[in-house]
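Participant: Here it is, the structure, as structure tokens.
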Amino acid sequence: MAVASFVLGLLGLLVLNVFLGPVAIVLASVALWRGTARRGRAFLGLGLGVADLVVLIAFMQVDNTVSWSF
């Protein structure tokens, strides 16, 4: 779950951050709660999930839309 949250958080910075960001946060939280051996990846996934939501909010403020594209 820690690796999945990291990968989804990383992908969320590029596409579908409205969906992948929260999923990455949930997966990282569950992985940390279960005591994963890959705590670093879980924390990175958590940070990237939060970053996904921050990027989404920033683009929503600039474009006044719910999503963004390149």
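Participant: What value, in deg cm²/dmol to 500, does the helix sum -39500 (n - 2.57) over DSSP H runs of n ≥ 4 give at 222 nm once divided by the residues of the chain?
Facilitator: On the way: 3 runs with 53 residues, N = 70.
Using -39500 (n - 2.57) per qualifying helix, the result is -25500 deg cm²/dmol.
Participant: Continuing with the same structure: Does anyone have the angle between helix 17-33 and the longest principal axis of the chain? Alpha-carbon axes, 0 to 90°, nearest 10?
Facilitator: 20 degrees
Participant: Okay, next question. How high is the relative contact order of the chain, in percent, counting Cα pairs under 8 Å that sit 6 or more residues apart? Write down the numbers at each step before the final one.
Facilitator: On the way: 121 pairs, mean separation 27.1, N = 70.
In percent, rounded to a whole number, it is 39.
Participant: In nm, what is the difference between 0.36 nm times the number of residues separating residue 57 and residue 16 and their Cα-Cα distance? Let's see the in-between values first.
Facilitator: Values: separation 41, 0.36 × 41 = 14.76 nm, distance 1.29 nm.
Extra length from residue 57 to residue 16 when fully extended: 13.5 nm.
A short reminder: the numbers here are calculations on the coordinates, not readings from a lab. Since the structure is predicted, the reported quantities are computational estimates derived from the model, not experimental observations.
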